[in-house]
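Asker: Okay, handing you the structure first.
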Amino acid sequence: MRFLILSDIHSNLSALQAVLADADGQYDRIVCLGDIVGYGAEPNEVTAWVRQHVDSIVRGNHDKASSGDPCLQDFNPAAAAAAAWTRQVLEPTNLEYVRNLPPGPRDAGGFCLSHGSPRDEDEYIVTRQDAIELQRELPSEICFFGHTHIQVGFGLRPGRAWLLVPPPYHQQERVYELEPDACYLLNPGSVGQPRDADPRAAYAIFDHPAKLLRLRRTPYDILTTQQRILEAGLPPVLAERLSLGR
Ligand code: ZN
């Protein structure tokens, strides 16, 4: 079974459409690691698509904040403004869907999904040390996570971790055959707001139980996304950062 792994779409319809076109015909099911809304200007379009097409999903912190959970105190002013705006414009059925998204971790058929870390949906996994510290608490051998907007993987054996790096800017894909007796924490990167200095939309395709991971990047129409953010009256910094991948 080939899974299309999406995370942190953040109301960016152009990026989502580019990923779907790029991955067309290469997957059987779609899973999502949360933060479908927040930051971007197309929350209804993205939520309607997710409702219809995603097979398994967990909620992210922006999904919570944009649908009524009072966790805005952790947000910077631009993120908080976008969350408040999103809550206002989400149509009732979409708002209800976002509000009822389940927390992670969640099993997706032999591997787990979480937004932050498997032990805390709001925890960031950034360094190899972060990954090592989680090793004993993983609910399954392979866990996908998002939240950092950084495409990366950590391979884990007792007491040590190694990196699975994303494709460099001139390449579209890095392929990894996962080792049978190791654990993995895998981040497909962010579809709608990459922060690893590569502005291309990030995602992954995971073939399981073959354990074949493909970390992929695809360019998208950043200008259109930026225009929509500005037209919506959202903070301009949310548009500007997209061209930088920061
Ligand atoms: Zn996010």
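Asker: Would you say residue 195 is open to solvent by 10 Å² or more (accessible area, probe 1.4 Å), over 13 Å from residue 15 (Cα atoms) and within 15 Å of the chain's Cα centre (by Cα)?
Answerer: Answer is yes for this residue.
Asker: On the given criteria, is residue 20 farther than 27 Å from residue 130 by Cα, modelled with pLDDT of 95 or more and of a type outside the set (Lys, Arg)?
Answerer: When the stated conditions are applied, residue 20 passes them.
Asker: May I ask you to list the residues in the stretch 198-212 that are surrounded by fewer than 24 Cβ atoms within 10 Å (Cβ to Cβ) and not in a loop (DSSP other than H, G, I, E, B)?
Answerer: The answer is 205, 207, 212.
Asker: Take the residues in the stretch 213-246 that are in contact with a Ser or Thr (Cβ under 7 Å, 6 or more places away or on another chain) and outside any helix (DSSP H, G or I), then tell me which one is most open to solvent (accessible area, probe 1.4 Å).
Answerer: 221
Asker: Among the residues of the stretch 158-167 satisfying the criterion of being modelled with pLDDT of 95 or more and surrounded by fewer than 15 Cβ atoms within 10 Å (Cβ to Cβ), which is farthest from residue 205 (Cα to Cα)?
Answerer: Among those residues, the one meeting the criterion is 162.
Asker: Another question, then. Right, residue 181: acidic (Asp, Glu) and open to solvent by 60 Å² or more (accessible area, probe 1.4 Å) or not?
Answerer: Yes; evaluated as a whole, the condition is true for this residue.
Asker: Looking at the stretch 131-147, which of the residues that are open to solvent by 10 Å² or more (accessible area, probe 1.4 Å) and over 19 Å from residue 110 (Cβ atoms) is farthest from the ligand (Cβ to nearest atom)?
Answerer: 136
Asker: Please find, within the stretch 102-117, the residue that is nearest to the ligand (Cβ to nearest atom) out of those that are over 22 Å from residue 2 (Cα atoms) and assigned to a loop (DSSP other than H, G, I, E, B).
Answerer: 116
The values are calculated or read from the model by the stated rules, or taken from the named source; none is laboratory data. Keep in mind that what you see is a predicted model, and the values were worked out from it rather than measured. FYI the Cβ positions are ideal-geometry reconstructions off the backbone, even for glycines, and counts take in every protein chain you see. Please note that ligands, DNA and RNA were not included when accessible areas were found on the heavy atoms of the full protein model with its side chains. Shrake-Rupley method; radii C 1.70, N 1.55, O 1.52, S 1.80 Å.
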